[in-house]
1. Taking the Cα atoms of the stretch 82-172 alone, what are Rg (to one decimal) and Dmax (as a whole number) in Å?
2. Measuring with a 1.4 Å probe in the full set of protein chains, what accessible area per residue, in whole Å², belongs to the chain?
3. Expressed as a whole percentage, what fraction of the accessible surface of the stretch 142-246 belongs to carbon and sulfur atoms when a 1.4 Å probe is rolled over the protein heavy atoms?
4. List every residue whose amide H lies under 5 Å from the amide H of residue 83, counting only residues 5 or more places away in sequence or on a different chain, with H placed 1.01 Å from N in the peptide plane.
5. Given only helices, namely DSSP H runs of n ≥ 4 each adding -39500 (n - 2.57), what is the per-residue ellipticity at 222 nm of the chain, to the nearest 500 deg cm²/dmol?
6. Could you go through the stretch 138-155 in sequence order and give the Karplus-derived ³J(HN,Hα) for each residue, using 6.51 cos²θ - 1.76 cosθ + 1.60 with θ = phi - 60°, rounded to whole Hz, and x for Gly and Pro?
7. What chymotrypsin sites (Phe, Trp or Tyr not before Pro) does the stretch 29-126 have in DSSP loop regions with at most 13 other beta carbons within 10 Å?
8. Can you list the residues, at least 5 places off or on another chain, whose amide H is less than 5 Å from the amide H of residue 226, using H built in the peptide plane?
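The values are calculated or read from the model by the stated rules, or taken from the named source; none is laboratory data. These figures come from a predicted structure and were not determined experimentally. In this analysis, Cβ positions are derived from the backbone assuming ideal geometry, glycine residues included, and neighbour counts consider all displayed protein chains. SASA here: full protein model, heavy atoms, side chains in, ligands and nucleic acids out. Shrake-Rupley method; radii C 1.70, N 1.55, O 1.52, S 1.80 Å.
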Amino acid sequence: MNYKRVCVVVAAVAAFLIAAPAAQAQPSVLDYRWSFDVGLGWDNSLSGNINSGAIGNLDGQVAVVTPNSYADVYGTGFHLRFGGGYLIDEISEVRATFTYQSLSADLTPMGDYGVSALYGQYDKYKSFGLDVGFRRYFDSGRSWRPFIEGTFGLGFITEIDVVLSAPAANLTERATDFYDRTAAFALGGNAGVVWQLSDHFGAFGQVGLRWMSGLSEIDDLAGTGLETINDDSSRWTLPVVVGMRVRF
């Protein structure tokens with residue numbers, strides 16, 4: 001009898017019997033259907049103006065207002081988000097995400113008032129949003145999983161006023177009610193990757209495209225010829241988000 005061959009066969013069978021239960025013991029993603037995540041995001045503006053351009057009259061003087069984008073006034077906006085999801089199957093997940101944002105405005109050149117330059121100081125942009133959506137994973141490996149998702153939701157934005165000033169014309173502290181409190185509709189799509197660091201904890205990164213409907217304008221400038229400067233405030237952004245996730 002070839003004892004060497006028998007020993008090799010016995011060792012192979014033993015290795016298989018040891019490895020098989022270990023493989024069966026590896027957890028399925030469905031063992032942790034629920035997840036909670038928190039992230040920090042950057043809103044990169046692609047289009048959309050906080051005010052449009054127009055020519056009109058304020059207090060007997062010709063006023064020329066030039067357009068200003070959200071990026072001109074508020075820069076690249078940071079936002080904090082938190083939410084969770086539930087796995088329907090191994091690659092499909094329904095999700096809900098809350099987003100909070102509070103951005104300070106820079107002093108903004110608004111155009112001309114007579115012979116003077118016109119400046120504006122906007123209120124903070126404060127919003128709280130809820131988005132729900134559907135995510136689809138691509139199971140490329142145990143430690144990382146790419147995904148795409150589509151979302152829709154509402155963003156609740158506080159009232160925004162602007163103080164206008166034309167120093168050379170002695171026009172100061174003219175407070176204008178610009179936008180009322182708004183519930184804006186939002187649509188978005190994202191693509192990203194989840195890195196699973198352990199059975200319960202992971203990290204993620206994603207980039208997306210998001211559209212939000214316009215703010216609710218107030219006709220405080222009625223009769224001035226400048227009524228149209230706040231009636232086209234919908235916007236497109238390219239949000240980039242990184243964060244951590246726990247599943248249970």
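1. So, for the stretch 82-172, Rg and Dmax equal 22.4, 67 Å respectively.
2. On the way: 13100 Å² over 248 residues.
Solvent-accessible surface per residue comes out at 53 Å².
3. 60
4. 37, 98
5. So the calculated ellipticity at 222 nm is -3500 deg cm²/dmol.
6. 10, 7, 8, x, 6, 8, 9, 9, x, 8, 10, 8, x, 9, 8, x, 10, x
7. The qualifying sites: there are none.
8. The answer is 57.
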